[in-house]
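Written below as structure tokens is the structure these notes are about.
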Amino acid sequence: MPHSATAFADVTASDSTLRRFLHGLPGVDAVGLEARAASLGTRSIKTTAKAYAIDLAISMIDLTTLEGADTPGKVRALAGKALNPDPTDRATPRTAAVCVYPDMVAAAKAVLAGSDVKVASVATAFPAGRAALDVKLADTRDAVAAGADEIDMVIDRGAFLAGDYLKVYEEIRAVKEASGAARLKVIFETGELSTYDNIRRASWLGMIAGADFIKTSTGKVGVNATPANTLLMLEAVRDFRAQTGVQVGVKPAGGIRTTKDAVKFLVLVNETAGEDWLDNHWFRFGASSLLNDLLMQRQKLATGRYSGPDYVTVD
Amino acid sequence: MSESSRLSVLKTYKLYVGGKFPRSESGRVYEVADAKGTWLANVPLSSRKDARDAVVAARKAFGGWSGATAYNRGQVLYRVAEMLEGRKGQFAREVARAEGLSKSEAALVVEAAVDRWVWYAGWTDKIAQVVGGANPVAGPYFNLSTPEPTGVVAVLAPQESSFLGLVSVIAPVIATGNTAVVVASERAPLPALSLGEVLATSDLPGGVVNVLSGKAAELGAPLAAHQDVNAIDLTGADAALARELEIAAADNLKRVLRPAEAPDFAADPGLARLTAFLETKTVWHPTGSLGASGSAY
Amino acid sequence: MASAFEYAPAPESRSVVDIAPSYGLFIDGEFTEAAGGKVFKTVSPSTEEVLSEVAQAGAEDVDRAVAAARRAFEKWSALPGAERAKYLFRIARIVQERSRELAVLETLDNGKPIRETRDADLPLVAAHFFYYAGWADKLDHAGYGRDPRPLGVAGQVIPWNFPLLMLAWKIAPALAAGNTVVLKPAETTPLSALFFADVCRQAGLPRGVVNILPGYGDAGAALVAHEGVDKVAFTGSTAVGKAIARQVAGTRKKVTLELGGKGANIVFDDAPLDQAVEGIVTGIFFNQGQVCCAGSRLLVQESVQDELLDALKRRLSTLRLGDPLDKNTDIGAINSAEQLARISALADTGEAEGAERWSPACELPSAGYWFAPTLFTGVTQAHTIARDEIFGPVLSVLTFRTPDEAVAKANNSQYGLSAGIWTEKGSRILAVASKLRAGVVWANTFNKFDPTSPFGGYKESGFGREGGRHGLEAYLDV
């Protein structure tokens, strides 16, 4: 059991103790949070800093395809891209992982086995999470059995919004156990939690339950990762480590499409959680089209010319 | 029985400070005569220490009075008008003697003074809506400006208009929640000292209005320099004294209402005397943003 | 892999601004030498580089400028409001067009970060002119009676902390109401006002309506004392404010004073802590703390003191001090050697009186005037640094136990300009806000400004309000 689970035994003893704890977290002022995120967004990252940030961002991408139309061929192409993002420059970092549905894990693994690119799989009846617990656990075990290194689970937002925090907690615990050695990312679907106070509570709930990563969104709803909700989650992992010594990663997902956006998120990481999180073990981008924009910007830095879409690969 | 056969009972005029009627701590009095020079009364010749005590009383009353609801203050001011209405005869006699007016002229002045209380009674719960309000700032903030009383106001009451002028300078000060230390007309202080008796029976908390009689110059100096006085109305000061007091008032940056050249207390008072002793407080608070922008508040 | 994310230098280009080697006074629509022929140098506080040599106004120049403003007044005040409005709209637009140039100029002359001049000063300058432009033809509806009249010639003396913004706060309402203006910028920051003269030229503003007199305190005093001045507006120190109040005693001059402050920023135990930390930082480190409404006293509830201070110190460690033109700089230079000496002396007093001093590890540039962000803990009401305005990046931390105590301590000051309240409890915000004796109360935010929002102090922080409908009153004969 992770250290955190025992440290918070009192908190998770009952529905009411858990509720008291989560509702006792400091409130979040939305305008102040968004203003801070926007202010960090005005950092000007140029030249060497930009080169560093671009490579770091590439290395942090969970290159994702989560479509009903996914096929082994599509997944193999994506995995190939993860291994070799820019055929014109072999020095380009690989992405952190490829993220697929459980039934596509094997196809991804076939390409990536033996590399340092991980296979992440969504699970637990992604994206809605509306299934019985044993179905969610079976989903998880399937993915792990197929070779997933990481599991991206969704929380039961319905239970969370209904105030059944202990149910959410226990489900995360169960999935964590089913994940075995795979690292567990817990998706809150922040767009559905709607308030920043809820996002802070969900963050602590997830971390107490043993999440290795807390993740904003599925990418399947209207509002996905934003600078503000990611900043808030970065504050949570920072404070959680200060309190427990346990470091938890953060993964914004959905809606991050440009280098400019990605660099802003890295500034958030740098100035909120700190440089300990500036590593793909602790920070990820859930994204797909972002990679090509990073690659074009990377080519621009190398050559001085603006690149074009024909000079990066379509996957 | 003829009126003249009965020896009338004279009133000992006293100060009104902290809701009580003290004599001057100095023990001094001076003679007050009517417009023709006939002796009317010996009144307290207040000292610096009386001024000091009056400021203490006014400061003590400030929290309660400024914290009272505007509706409550309006009720109290209206009560003053009611009390005064019943004592019109007395005040008409005092004003007639003080200002050398005929009985009917004096009666009109007193009625105007009663009406002035009614005017300001109605203002207590409206001034905030007229001079305050929401400010449409360019951002996600609720922003509201409200007028607040400045604190303790020293008032040099007009020298000539001993009653209508007096009421016209006191009522706007206290309508908005300030408390007042009033220096009555030096030559004609009797209506002011009698007003104290009316205020004492009008539900006005003690200390909200304090009335001193004496010399404007002698009392004005310590009041203008007093560090716990927030504002000064120089209406009753002549040009030289007004300048001297304005200079002294700068020591703690009192709000200063300079004397007007020829004040017409019968005219529509407007808002100037109300706003002269108001501060504007502006409070900001984030509103948060709703809905489609994706912001979660 | 976890190498530090070092931000490469990202300097804003200096080439957008062309500073002439010398500037004259701006009187009656023309640049002119000072009558006495005196000049002074204006330097960049971050490098001590001389930026330009500027004519130094004296009493004779004040005479000339006031006379020019008086001549211009008759026509300007007689213009239909709609015409005056259009001049002000033009000025607002030209400021917007030239905002990058003016931001860089302001950063050079003042030492504050480009981030602030670009994102705060200049947008607010333009907004202020826009706002008051719209009042010029609506004065009948402003609540001051029908046809309120302008006062005449306004003598305006402004400080160095927000040179162009304070100019806007002074000039925009004055012109909207139909007054003409003689304005003296501070001796350490004359340039943006002189560039503003050029904005007036581009806008076609009639000559004499705005006159700019760079100079020292003697020129300001002469302006305030001038018989031809009908209105005095001053932003600056309380000591000078009092001198002005004495100076104008017995005259008919209307006066507004925006003076010092020692704002209390009150953090309750149920505050949104992360945002409170940001508010504290904004409150005291915005513009290097050289802000009259700075939240220079942090009043923190004793029960959350440790948690809050830990978070605050961690946050201060991320502040970036250095080249003000670098777009990533958070803390720029102190405006002058004189101001730096004042801040240093007060900080030393804080230490000498037993408060505990802390600053983040922070390398200061070798040239220029710099002071590291500093906080003092263990401060009580009796400490000098809890009472005197420091006007620098120095925060005094005090504690309280109950809301009543917080209010009592917050109000225990000769000043009454600003205050902050941090709590998630709405009723507490309203209760505390109503008891604070301060002209601006920021609840769960700090240092927010808007042209529609009246600004000004209680007590020795001055009198009168700038901004909003209230700000018109200062320039009307009402």
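The values are calculated or read from the model by the stated rules, or taken from the named source; none is laboratory data. All values reported here derive from a predicted model rather than from experimental measurement. Neighbour counts are summed over all protein chains in view; Cβ atoms, including those assigned to glycine, are modelled from backbone coordinates with ideal geometry.
Within the group C:Ser15, C:Ser52, C:Ser77, which residue is assigned to a strand (DSSP E or B) and of a type in the set (Ser, Thr, Tyr)?
The match here is C:Ser52.
How many residues, within region C:140-199, are under 25 Å from C:Tyr216 (Cβ atoms) and at pLDDT below 95?
0
Only residues that are part of a helix (DSSP H, G or I), surrounded by fewer than 21 Cβ atoms within 10 Å (Cβ to Cβ) and within 14 Å of chain B (Cβ to nearest Cβ): list them for region C:128-145, please.
Within region C:128-145, C:Phe130, C:Gly134, C:His141 meet the criteria.
Just to be sure I understand, how many residues within region C:1-42 are hydrophobic (A, V, I, L, M, F, W, C) and facing another protein chain (nearest Cβ under 9 Å)?
Residues that pass the stated criteria total 6.
In the list C:Asp310, C:Asp306, C:Asp330, which residue meets the criterion of being of a type in the set (Asp, Glu), within 30 Å of C:Leu51 (Cα to Cα), within 14 Å of chain A (Cβ to nearest Cβ) and surrounded by fewer than 24 Cβ atoms within 10 Å (Cβ to Cβ)?
Step by step, each of C:Asp310, C:Asp306, C:Asp330 is checked, and only C:Asp330 is of a type in the set (Asp, Glu), within 30 Å of C:Leu51 (Cα to Cα), within 14 Å of chain A (Cβ to nearest Cβ) and surrounded by fewer than 24 Cβ atoms within 10 Å (Cβ to Cβ).
I'd like to know if region C:197-215 contains one or more residues that are part of a helix (DSSP H, G or I) and within 18 Å of the chain's Cα centre (by Cα).
No, region C:197-215 contains no residue that is part of a helix (DSSP H, G or I) and within 18 Å of the chain's Cα centre (by Cα).
Is it fair to say C:Pro148 is in a loop (DSSP other than H, G, I, E, B) and within 14 Å of another protein chain (Cβ to nearest Cβ)?
Taking the combined requirement at face value, the residue satisfies it.
Can you tell me how many residues within region A:145-198 are over 19 Å from the mean Cα position of the chain (by Cα), touching a residue at least 60 places away in the same chain (Cβ under 8 Å), away from chain B (no Cβ under 14 Å) and crowded, with 17+ Cβ neighbours inside 10 Å?
Within region A:145-198, residues that are over 19 Å from the mean Cα position of the chain (by Cα), touching a residue at least 60 places away in the same chain (Cβ under 8 Å), away from chain B (no Cβ under 14 Å) and crowded, with 17+ Cβ neighbours inside 10 Å number 3.
Which condition does A:Asp70 not pass, out of (1) in contact with a helix residue (DSSP H, G or I) (Cβ under 6 Å, 6 or more places away or on another chain); (2) at the interface with chain C (Cβ under 10 Å from one of its Cβ atoms); (3) among the acidic types (Asp, Glu), if it passes all the others?
For A:Asp70, the exception is condition (2).
Could you list, in sequence order, the residues of region C:18-31 that are outside any loop (DSSP other than H, G, I, E, B) and either small (Gly, Ala, Ser) or surrounded by fewer than 16 Cβ atoms within 10 Å (Cβ to Cβ) (or both)?
C:Ser22, C:Glu30
Six or more apart or on different chains, Cβ atoms under 7 Å: show the pairs whose first residue is in region A:39-54 and buried (at least 16 other Cβ atoms within 10 Å of the Cβ) and whose second is polar (S, T, N, Q).
What qualifies is A:Arg43/C:Asn328; A:Ser44/C:Asn328; A:Ile54/A:Thr259; A:Ile54/A:Gln297.
Residues that are within 26 Å of B:Trp65 (Cβ to Cβ) and hydrophobic (A, V, I, L, M, F, W, C): find the strands (runs of 3 or more DSSP E) completely inside region B:203-278 holding 3 or more of those.
It comes to B:209-212.
Any idea which of (1) within 30 Å of A:Gly308 (Cβ to Cβ); (2) not in a helix (DSSP H, G or I) is the one A:Ala148 doesn't satisfy?
(1)
Mind listing whichever residues of region B:146-186 are in a loop (DSSP other than H, G, I, E, B) and out of contact with any helix residue (DSSP H, G or I) (no Cβ under 8 Å at 6 or more places or on another chain)?
Scanning region B:146-186 gives a single hit, B:Thr150.
Quick grid of which residues meet (1) surrounded by fewer than 24 Cβ atoms within 10 Å (Cβ to Cβ); (2) more than 9 Å from chain B (Cβ to nearest Cβ):
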{"site": "C:Ala431", "(1), (2)": "yes, yes"}
{"site": "C:Ala438", "(1), (2)": "no, no"}
{"site": "C:Lys448", "(1), (2)": "yes, no"}
{"site": "C:Ser453", "(1), (2)": "no, no"}
{"site": "C:Gly456", "(1), (2)": "no, no"}
{"site": "C:Lys459", "(1), (2)": "no, no"}
{"site": "C:Arg465", "(1), (2)": "no, no"}
{"site": "C:Gly468", "(1), (2)": "no, no"}
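Across region B:25-41, what is the total count of residues that are assigned to a loop (DSSP other than H, G, I, E, B) and exposed (fewer than 13 other Cβ atoms within 10 Å of the Cβ)?
Counting residues in region B:25-41 that are assigned to a loop (DSSP other than H, G, I, E, B) and exposed (fewer than 13 other Cβ atoms within 10 Å of the Cβ) gives 4.
Considering only region C:242-260, how many residues are more than 7 Å from every other protein chain (Cβ to nearest Cβ), among the small types (Gly, Ala, Ser) and surrounded by fewer than 20 Cβ atoms within 10 Å (Cβ to Cβ)?
So the count comes out to 1.
Quick check, is A:Gly245 more than 16 Å from the chain's Cα centre (by Cα) and on the phi > 0 side of the Ramachandran plot?
It is true that A:Gly245 is more than 16 Å from the chain's Cα centre (by Cα) and on the phi > 0 side of the Ramachandran plot.
Just need a number here: residues in region C:214-256 that are of a type in the set (A, V, I, L, M) and in contact with a Ser or Thr (Cβ under 8 Å, 6 or more places away or on another chain).
Residues flagged as of a type in the set (A, V, I, L, M) and in contact with a Ser or Thr (Cβ under 8 Å, 6 or more places away or on another chain) within region C:214-256 amount to 2.
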